[in-house]
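Notes for the one structure printed next.
Derivation of every value follows stated rules applied to the coordinates shown; laboratory data play no part. Everything numeric here is computed off the predicted structure, so don't read it as measured data.
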Ligand code: PMT
C-alpha cells in the first residue's frame, strides 16, 4: 500500500499521457495522494480537468501563475512530495533535466528537488535510440534518477521498437520500489523459464521453435518488480536480461532442467519456455555433409519435461507450479488435459495458431485453467498478462 505517500506526477507531451490517467487511479486506489504538473505539451494530450477529477487536487501548469506562487511555490510543490514521477517523460524533458534547465514549472520543480525522481520515458524509437537521448539518460542515471521502461512494441507513429511507455502497473511497482516499500511478493522466491531451446543436430544446425521469450521475460520482470527473488532460466533469446533478477542462459532442454533444479527451492515456478520435446538422439561432433552419408532421417530422443518434474519434485515442489499450454486447436480442452497430465496447479492456455502472433508478438490471450475452472482473460499485452498473473499469485498466496 502507498497510504500516506505523496507523489508529484509530472506529465509531459506524448500520446502515452493517456496512461497517466490510469496511473493516477491506481495510485489513489493504493492510498497515495497525487498532485499533477501538466506541461504545455502534455496539455495537448490530456486535459487539466480530467487530471483534477482523478487526482482530487488542483493541477499545476504555468511557472509564473501568481496565484499558484502565492498559494504553493514551485519549491514547495516538490518539497511536499515523497517522490517525483515523470510519466510520460518526453525526450525534450529528459534533455532539460540532463542540462539542468528550468524554463517551465515541470523542469523547475525537477531542478528544485532533493527527493527521489522516477522517469518513465516515452517517445519514438529513433528518438529513444538517438545518442543524445541515451547520453542524457546516462547522465540522469549517474545522478540517481530512477527509470522504468520504455517497453518494446508497436508505436502510435506506426513504427516498432523501444519507446512505448511502461504500463501503469509497472510504473506503480517502480514507485513502490523507489519509496523503499516491500513489494507484494517480497520474501518469495520465484523461478521462470522462458524462450525456446536449441537442440543441436551438429555444430551448426539445431532444432528450435518460434518463441521469442517475450512472455516469459515479462513474467520474470513483473515478479521481480513486485519484490520476488527471481531466477529466470532463458533459452536463446534476443531480449536483454531483465533488471533486478538473476538470469541463467541455457541452450538445450537438458541444460534448462539442470538450471531449474539448481534454482530450487522456490515458492513459485512459472514454465513459459517453449521447450523442444525432442532432441537429436546423436548430435554429430562435426558438420554433417550432404555428400558423404548425411542421414536421410533424423533419429530423435525425448527431452525431459521440466514442468512435470517441478510438479512432482516431492519435498522440493514449489507451492505454486504454473505451466503454459501452447495449442493450435481446442485450446481450453487441451489445456485442461495438460493440467491433469503434468500435475501443475495452473495452466495458462494460449492459442498459437498461425495468424495469432502469440509466438513472437506483443500481446496474448490467456485462458487461466485451475482446479476451480477457467478464467478467460481478454487480449492484452504480454506485460499486462504478467502483471495480472502476479496479482493472481499474490492473491492466492494471501499477500
Ligand atoms: O516466447 P514468446 O514469443 O513470447 O511466446 C510465448 C509462448 C507462446 C512461448 C508462451 O506463451 C507459451 O505458450 N509457452 C509454452 C510453450 C510450450 O512449449 O507449450 P507446450 O504446450 O508444448 O508445453 C506445456 C508446458 O510444459 C509449458 O509450460 C512448457 O514450458 C512445459 N514443458 C514442455 C515440454 C518440456 N520438455 N518441458 C516443459 O517444461
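Provide Rg over Rh for segment 189-396; use the alpha carbon set for both Rg and the Kirkwood Rh (inverse mean inverse pair distance).
0.98
Would you mind telling me the antiparallel percentage of the DSSP bridges in segment 6-178, rounded to 5?
Counting only bridges with both partners in segment 6-178, antiparallel ones make up about 15 percent.
Which length gain, in nm to one decimal place, applies between residue 18 and residue 301 when the Cα-Cα distance is subtracted from 0.36 nm times their residue separation?
The residue 18-residue 301 span can extend by a further 96.7 nm.
Return one number: the angle in degrees, 0 to 90 and rounded to the nearest 10, between the long axis of the Cα atoms of helix 214-225 and the longest principal axis of the Cα atoms of the chain.
50 degrees
Quick check: the angle from helix 382-396's long axis to the longest principal axis of the chain, C-alpha only, nearest 10 degrees?
That works out to roughly 90 degrees.
Tally the DSSP beta bridges in the chain and give the antiparallel ones as a percent, rounded to 5.
30 percent
With everything on Cα atoms, drop me the angle between helix 17-29 and the longest principal axis of the chain, reported from 0 to 90° to the nearest 10.
90 degrees
Can you compute the helix-only [θ] at 222 nm over the chain? Use -39500 (n - 2.57) per DSSP H run of at least 4 residues, normalise by all residues, nearest 500 deg cm²/dmol.
Taken over the chain, the calculation gives -9500 deg cm²/dmol.
Can I get the semi-axes of segment 325-384's equivalent ellipsoid? Compute them from the C-alpha gyration tensor as square roots of 5 times the eigenvalues, in angstrom, largest first.
In descending order the semi-axes read 20, 13, 9 Å.
Would segment 149-209 count as rounded, prolate or oblate if I go by the C-alpha gyration tensor, calling it rounded below 1.5 in a/c and otherwise prolate when a/b exceeds b/c, oblate otherwise?
Judged from the Cα gyration tensor, segment 149-209 comes out oblate (a/c at least 1.5, b/c at or above a/b).
When the Cα centres of segment 25-48 and segment 290-330 are compared, how far apart do they sit, in Å?
47 Å
Sort the chain into rounded, prolate or oblate with this rule: let a ≥ b ≥ c be the square roots of the eigenvalues of the Cα gyration tensor; rounded if a/c is under 1.5, and if a/c is not under 1.5, prolate when a/b is larger than b/c, oblate otherwise.
prolate
Once you keep just the Cα pairs under 8 angstrom separated by 6 or more residues, what percentage relative contact order results for the chain?
Across the chain, relative contact order equals 11 percent.
Semi-axes, largest first, in whole Å: what does sqrt of 5 times each Cα gyration tensor eigenvalue give for segment 1-129?
Equivalent-ellipsoid dimensions as semi-axes: 20, 18, 14 Å.
Using Cα springs under 10 Å in a Gaussian network model of the chain, which residue among 281, 32, 91 shows the largest mean-square fluctuation?
Among 281, 32, 91, the largest GNM mean-square fluctuation belongs to 281.
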